[in-house]
Amino acid sequence: MPIGVLSRLSSSEARASYYYGSMFLAVGVAVPFLPLWLRYKGFSDSDIGILNAVPVWTMVLINIFVGRLADKASDWRLVILFCSLIAGFAPFFLFATNDVWPIILVWTLCVLPVMALSPIIDAATVRMTRRRGSDFAMIRVWGTVGYVAANLVGGWYLGWAGIALFLPLFVGLSFLRGMVAFQLPAFRLKAPEDAQLNSQLSNAPPPHRLQAQEFKHMFRPWFVLAIIGSALIVASHGPLYTFGSLLWDEQGIGKEVIGPLWAIGSGAEVLIFLAFARIARRFSARHLMLFAAAMTSVRWFGMTLEMPVYGYFLLQMLHAFSFGVTYLGTLNFVANWTAEKFAAEAQSTVQVLGQGLLATLVFGFGFVYAQFGAAAFGLSAAIAAIGGLCVMGSLLLVNPRYEA
């Protein structure tokens with residue numbers, strides 16, 4: 001194999017891509033099929049809501065501190081590796097329990113480290129790619145590719161073998177992520193391969209006057225409104241992640257179709273990731289977030305309707321905007337307006353807000369869904385719309401022409 005090809009395959013960007021690809025395999029199995037496995041284990045709708053809310057609320061309490069710890073470490077990689085190993089070994093304990101609360105406690109230990117490392121790997125990779133002149137979205141897209149593959153293969157496999165085999169599949173993919181974490185690159189500037197960039201950065205222009213140079217500077221009204229808006233849009237997805245598969249299953253849609261239903265949304269998301277660099281050059285991050293809020297409201301309103309299967313496929317394709325554009329737009333917004341020295345803490349703070357709102361919605365939605373079924377998704381549509389109004393308020397406070 002030519003040396004140039006080997007160099008690209010072992011570059012920092014490639015190694016981060018490998019991790020993203022493994023990171024979302026277990027998630028791609030859990031999101032569609034965990035609710036069905038829990039129903040198989042005898043969980044009620046309210047139990048399922050609690051199981052999904054407990055890890056998120058726990059993460060709300062510790063996420064900022066994990067981000068702060070990652071910023072203080074010699075490299076963000078260390079915290080990512082540590083969290084990946086915990087998440088890789090904790091799922092094995094699920095084989096040893098069958099009762100509701102023990103499963104909730106072990107599940108929390110399974111997903112909590114992944115939720116903790118998620119904003120850190122995002123912040124670390126964004127800063128690395130900006131320094132090296134590469135494209136974050138082209139690395140992050142491999143996470144979605146892995147997620148889609150897990151949706152499709154998991155749906156086929158569990159449709160053929162039965163939902164009881166969800167657990168060994170999830171455990172194996174979680175362990176794989178932990179092993180792949182060992183090959184992650186160093187993300188900070190002192191990485192040897194980045195040494196040649198020192199002279200370039202020393203001549204960089206001073207930061208924009210609106211950029212937060214200290215953590216406390218993040219809490220300006222125009223910045224906070226945009227982040228609250230993003231958090232509301234993200235939180236509105238919680239009910240779908242928790243009850244979407246149950247709704248489709250109750251409507252007679254088979255497991256072999258539920259997997260592709262999840263995959264088509266992520267497939268559309270891949271297209272956004274591939275095109276985002278060009279899109280971001282034409283529109284400000286907050287304008288993209290505002291557009292995403294509108295598309296998200298449309299998506300959740302559609303879920304309140306009884307539709308043929310192809311209708312759900314069309315709604316799922318809106319995931320490209322409701323998640324993909326919101327996620328990348330918010331990530332760019334935070335990276336544009338915060339200093340690198342607290343990058344992980346800033347991104348963790350943003351995720352804490354979204355997680356807190358998501359946990360609250362998921363916890364309450366379990367009871368609402370039990371009473372109203374599909375009509376309960378109207379609540380998600382309203383929350384996404386309120387998120388859009390918050391982003392609009394931010395745009396009115398600070399003119400988007402200042403957006404980097």
Notebook entry, point to check: Hey, what angle do you get for helix 45-72 against the long axis of the chain, alpha-carbon based, 0 to 90 degrees rounded to 10?
Noted result: 10 degrees
Margin query: Once you keep just the Cα pairs under 8 angstrom separated by 6 or more residues, what percentage relative contact order results for the range 65-148?
Written below: 30 percent
Next item on the list: For Lys341, list the aspartates and glutamates whose Cα falls under 18 Å from its own Cα; do not include residues on the same chain fewer than 8 positions away.
Entry: Asp71, Asp75, Asp122, Asp194, Glu214
Notebook entry, point to check: Computed FRET efficiency, Cβ-Cβ of Ala96 and Arg15, R0 25 Å: what is it to the nearest 0.05?
Noted result: 0.15
Check: Hey, of (i) 152; (ii) 241; (iii) 136, which did the structure itself give for volume of the Cα convex hull per residue in Å³ when calculated?
Finding: (iii)
Margin query: Between Ser46 and Ile386, how high is the FRET efficiency from 1/(1 + (r/R0)^6) when r is the Cβ-Cβ distance and R₀ = 22 Å? Nearest 0.05.
Written below: 0.30
Check: Does anyone have the angle between helix 136-161 and the longest principal axis of the chain? Alpha-carbon axes, 0 to 90°, nearest 10?
Finding: 20 degrees
Notebook entry, point to check: If contacts are Cα pairs under 8 angstrom and at least 6 residues apart, what is the relative contact order of the chain in percent?
Noted result: 30 percent
Margin query: Give me the extension gain from Val153 to Ala294: residue separation times 0.36 nm, minus the current Cα-Cα distance, reported in nm with one decimal.
Written below: 47.6 nm
Checklist line | Separation of alpha-carbon centers, the range 42-105 and the range 275-294, rounded to whole Å | finding: 31 Å
Checklist line | Simple spin-label estimate for Leu78 and Leu105 in nanometres, 7 Å along Cα-Cβ | finding: 3.1 nm
Next item on the list: Take the Cβ-Cβ distance between Arg8 and Phe367 as r, set R0 to 56 Å, and report the resulting FRET efficiency rounded to the nearest 0.05.
Entry: 0.65
Next item on the list: Report the label-to-label distance for Val224 and Tyr310 in nanometres (one decimal), using points 7 Å from each Cα along the Cα→Cβ vector.
Entry: 4.9 nm
Margin query: Just to confirm the number: angle between the C-alpha axis of helix 221-235 and the first principal axis of the chain, 0 to 90 degrees, nearest 10?
Written below: 30 degrees
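Taken together, the values in this text are just the output of simple stated rules run on the coordinates, not laboratory data. Remember, it's a predicted structure, so these values are computed and weren't measured experimentally. Quick reminder, even Gly has a Cβ in these numbers, built from the backbone with ideal geometry, and neighbours come from all protein chains shown.
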